Amino acid sequence: MSFISNITGRLSIIITMMGSLLSFYSCSDNDQVALRLNRIAYSQHYRSLEKTKLYADSVLTLPAASADQRAEALNNLAFHHIGKMQYAVADSLLRKVHQTTDNSIELLIASVQQMRICQRCSANKDYYQYRQNALQHLKRIKTEQPALSEHEQERLLYGESELYLVSSVYDYYVGNTDAAVASHLKVDSLVGLRRDTAQYVAFLYNIGSGGILRHGTKENIAHQELECLMLCYIISRENGYIYWCANVLQALSEQMMDNPNMEMPDERLARRYMGIDSIQGSFVPGTLADKALRLFKDYGDVYQQAAAWRTLSRCYIRIGDYPGAVYSLQQAVKGDSAIAQAPALMASIHEQFSIAFSAMDMKPESDRHRNTYLDLYENTRQDKQLEARAEQLGSQVQWLNILIYIIICVVAALLFLLLYLVMRRIRMTRAGKPLAKMSSMQEESRLGIADLEEKLEECEEQCAMTEHELSVLQETYAEHRAKMHLINSMTPLIDRMLHETSSLCGKAESEEVREGRRQYIVELVEQINSRNDFLTTWIKLRQGELSLHIESFPLQPLFDIIRKNAASYTHRGIRLEVEDTAETVKADRSLTLFMLNTLCDNARKFAARDGYVKVYARREGNGSMVEISVEDNGCGMTERQTERIFDVKPIADEVTRGMNTAGMSHGFGLINCKGIIEKYKKTNALFADCMTGVESEEGRGSRFFFRLPVGVKRLSMAVMAFALSFSAGAQDYVSLADSVYECNVKGRYSEALGFAKRCIEEINEDYVAGGGQRNDTLMFFDREMASSADMRWLNDSVPFDYQLLMSLRNEIAVSALALHEWDIYAYNNIIYTQMYKEYYADTTLADYCRRMQVTETNRNVAIVLLVLLLFLFLPVYYFAYYKYVIKDVRSAMDAMRRERRKREKQLAELRERNDRMAFERDRLHVLDNVMANSFSAIKHETMYYPSRIRQLLLDADADRSYCELDEVTRYYRAVYGILAQQAMANSRQKLPPAILMDILLRNLARLSGQRKADILPDESDGQYIIYRIDITRHDEARIRICTQIVRDLGEMFTLHRCGTTLEGSAFQVVAPKM
């Protein structure tokens, strides 16, 4: 019966077509007949592939049809063969279009159809080549669009809309969703799209099939997609577009399976319209898929029939009819061998096979189809096109080799002529030797310039690094000045307290007056404690921000610097002895020099006249430490002095009593040395054995020393330890992922899922420990099937081994498949598929194909130019060589010398700039560390006194306690004053105004949570500029830094309005206009 109905259908088509032909012939010439037949063929695209073929063939049989009409007919005929999956036939027809016409519109449509073939066959590189061709044709057409006829406008609308629709579908399925949405928006922007009903329906289906809409909630997007599908179905049914009716039914079937709770707009009316009003429950998707399959069979599209069988198999799996699913899949692949041409479709069919066989407990069959599914994905991934690129380049190389052989033959012939001319020149003149010498000199100059350029690059990198380090140290110095201002602000409070204690102790006053003074002292103590607490918190905030520049370096250059200062020792009648050393230490170079200078300076002060100061280094501690010593034969120290030499000494030592102490210090240099060593110890276990020490005997001299670790040996150990710690975190989840794989191989699938859960937990812990958010972590399974963290990490370029993550998701899917955990399988397999497409998406293919076309053009131009050069070579050589070559060589040499001098000057300037910055960096580095140690000394040595003063106020014995209170306050003032004075001595210098402004803007940006570039003045008032920001996080330390910077700027420019104001979260800064 089907055969008879088929014949009847074909006869009706032929009769209809013959009637149309007779009417056409009666009314017009062949061109008009061809035009109308082509229009009918186009109108049948989505109604009947057979009618499309018959009408297109009719045009091709017309004796006098124009080239453009024949090209259009070939495009229509290719459309038929694409639907039948006869891709080789379709490709030959489309190539014939390029041979038949130069009409850019038909060439555009041919290229678009070749894009569709490549999409179906996963030929990604060829796809982009055809896409580039299509874009070039479209660009050419746009320049002539106003002059196009009505029919040409219709064909252009079809070609352009089809180009963007095919691009959108392709990009969506390879994972480039942004590009897919962009192409879809271009279709939406086309004027007159609704005039071409077939293309408008395709546009609606592209939305309804999912993945295009981005804005709105998940429910809103799903509702809009369903509305587009229903509108597509209604229009298609009214216009007889069988193809799109079937596609809508198939899409609805898929969506109902993915979302069982899905509700269609006007569901009862929609179900009745689609003929499924009597079908209920889980049978609805299967009924829709079956209807779609029947329609595709009527239409004749082989590809879509296989896809419909695959959808039908999903429906069978969903209701538990696994043999029915296997039967459907077998029908999909055995109906036509052409299906094998579509790897993506075959992959999805094999995936369904693996699920069905797994459900039937046929594990070997399931594994075989699963492996085939993975192999197909592997073989069609986009980066596999690199091999195709290599093949194409190989063919180009082969072609170029042939060309080179030809050129070699031509050049060989020319060489005989050149040899004759050269020999003749040698006989005529002895200029050959100088020329050879000049050529050698040129080569040397070129090599010298190249060497200079390398040095320039290295010097630029070094400058950039030094500049960054200097910037950090300048910011630290500005912060220290702010701390110094806070410390100085407490001195008046202590002075007031001292005045009150003196009055309590020395004046006879009424109890009421004394009570007032006591209350005032308590208030002052509270203010001092408050500021001390803030200073302590501020210092603690900076703990861990290591400013040490740890490196391995030889000691000898530092000893050489000490030796250069020998004149200052000789002037005092002291002999400086510095022993050469080959030792290398691992420490901070600048701070090591500071410590060495401090010890040498102390030795010079206390060494006897006609005595000596000796500097040397020795290995200690089993050879793991280097001990650097400074020895003198001065007055030495007592045992008590030796024990307290590295402690704070607010009062002069016994040895200095009775002497003129104007030039004497209070030992802060030694305190700083001890502070530096303590800082080393807190940095790393490598510095655990570091120490400072002194050996002294009264009347015979002293030896001060400090120990640092040996450089090279400890460096390698530190690097190994770092590498081990770096890999330790990753080792846990990598081994767990390996365990998942091993369990799957051994068939222990439940254990595999257990290891997988632990592996995902380990990955999440690592992610959160690295600063990630807990609400953005991986999930083993999500019933809502929401967007996965895996894809968000990949899209946000979170550093991770995504191949390991894809492998893990695949292994989870394998385990879940074997255990019939369908939801877990679906969740993990979807993530694996999406990640695979996204990870291996080759976003460079389009640009590569465009460049290849440009290269092709350039190659042709190069060949022409090469041939011309070959012909011009002899006359140019003859007329130019004898007269000008020597002059040209000399000019080139002069140019190279100028270039060399220019490079040498640039290099010298860069080195000088780097040296200046390095000097300033080292100076600030030492200052910052010395000030940090001074602040630490103030914190530790003076924090006790305010509490002690408060305690004495509460003492019952008033007269005795008042005097003791006054004594303690005076001692507190003396200690605090000395320590603050020492810190102030190192913070007197102000940074340049431009640097201060830069630091100010950086701190304002941190306070407001903005970028530095976004901090702009709100207004300008004469010599002042005003910044106003809203503080997002109250940070009093940064506010004080800003205030200190503005205070320094105001003093520099003598502008007294400079200052800061904080009201709530509103922070205003008035600064000088730079």
**Study point:** Count of the range 239-259 residues which are outside any helix (DSSP H, G or I) and polar (S, T, N, Q)
**Key:** 1
Study note, to complete from the structure: With criteria (1) more than 41 Å from the chain's Cα centre (by Cα); (2) modelled with pLDDT of 60 or more, T661 comes up short on (2)
Point to revise | Which listed residue is part of a helix (DSSP H, G or I) and of a type in the set (D, E), from D560, D580 | key: D560
Practice item. For V89, indicate whether it is of a type in the set (A, V, I, L, M), under 23 Å from A344 (Cβ atoms) and either in contact with a strand residue (DSSP E or B) (Cβ under 7 Å, 6 or more places away or on another chain) or part of a helix (DSSP H, G or I) (or both). Key: yes
Check your understanding: Is it true that R960 is modelled with pLDDT under 85, surrounded by fewer than 17 Cβ atoms within 10 Å (Cβ to Cβ) and closer than 16 Å to R496 by Cα?
Key -> no
Exercise for review: Specify the residue that is surrounded by the most Cβ atoms within 10 Å (Cβ to Cβ); the eligible residues are those in the range 447-485 that are touching a residue at least 12 places away in the same chain (Cβ under 8 Å) and under 13 Å from R913 (Cβ atoms).
Suggested key: L470
Exercise for review: For the range 576-593, indicate whether the set of residues that are under 39 Å from the mean Cα position of the chain (by Cα), of a type in the set (A, V, I, L, M, F, W, C) and modelled with pLDDT of 90 or more is non-empty.
Suggested key: yes
Review point. Within the range 595-628, which residues are loosely packed, with under 15 Cβ neighbours inside 10 Å and assigned to a helix (DSSP H, G or I)?
Key: K605
Review point. Looking at this structure, is N220 at negative phi, surrounded by fewer than 17 Cβ atoms within 10 Å (Cβ to Cβ) and assigned to a loop (DSSP other than H, G, I, E, B)?
Key: no
Review point. Does the range 465-524 hold any residues that are in a helix (DSSP H, G or I), polar (S, T, N, Q) and more than 60 Å from the chain's Cα centre (by Cα), and which are they?
Key: T501, S502, S503, Q519
Check your understanding: Does any residue of the range 517-528 turn out to be in contact with a strand residue (DSSP E or B) (Cβ under 6 Å, 6 or more places away or on another chain) and modelled with pLDDT of 80 or more?
Key -> no
Exercise for review: Hey, can you tell me all the residues within the range 210-234 that are at pLDDT below 90 and within 22 Å of G159 (Cβ to Cβ)?
Suggested key: I212
Practice item. Give the residues of the range 115-131 that are in contact with a Leu (Cβ under 7 Å, 6 or more places away or on another chain) and of a type in the set (K, R), sorted by residue number. Key: K125
Revision key, fill the gap. Within the range 1020-1050, the count of residues that are touching a residue at least 60 places away in the same chain (Cβ under 8 Å) and over 33 Å from the mean Cα position of the chain (by Cα) comes to 7
Point to revise | the range 1009-1041, residues that are part of a helix (DSSP H, G or I) and exposed (fewer than 14 other Cβ atoms within 10 Å of the Cβ) | key: K1012, A1013, D1014, E1036
Check your understanding: Hey, among A347, A306, A289, A338, which residue is more than 27 Å from Y825 (Cα to Cα) and either within 46 Å of the chain's Cα centre (by Cα) or not in a helix (DSSP H, G or I) (or both)?
Key -> A338
Exercise for review: Kindly indicate which of F706, F722 is surrounded by fewer than 11 Cβ atoms within 10 Å (Cβ to Cβ), over 21 Å from L808 (Cα atoms) and either modelled with pLDDT of 80 or more or aromatic (F, W, Y) (or both).
Suggested key: F722
Review point. Can you tell me how many residues in the range 235-270 are modelled with pLDDT under 70, surrounded by fewer than 18 Cβ atoms within 10 Å (Cβ to Cβ) and under 20 Å from S209 (Cα atoms)?
Key: 3
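The values are calculated or read from the model by the stated rules, or taken from the named source; none is laboratory data. Small disclaimer: the values here were computed from a predicted structure and weren't measured. We place every Cβ from the backbone using ideal geometry, glycine too, and count neighbours over all the protein chains shown.
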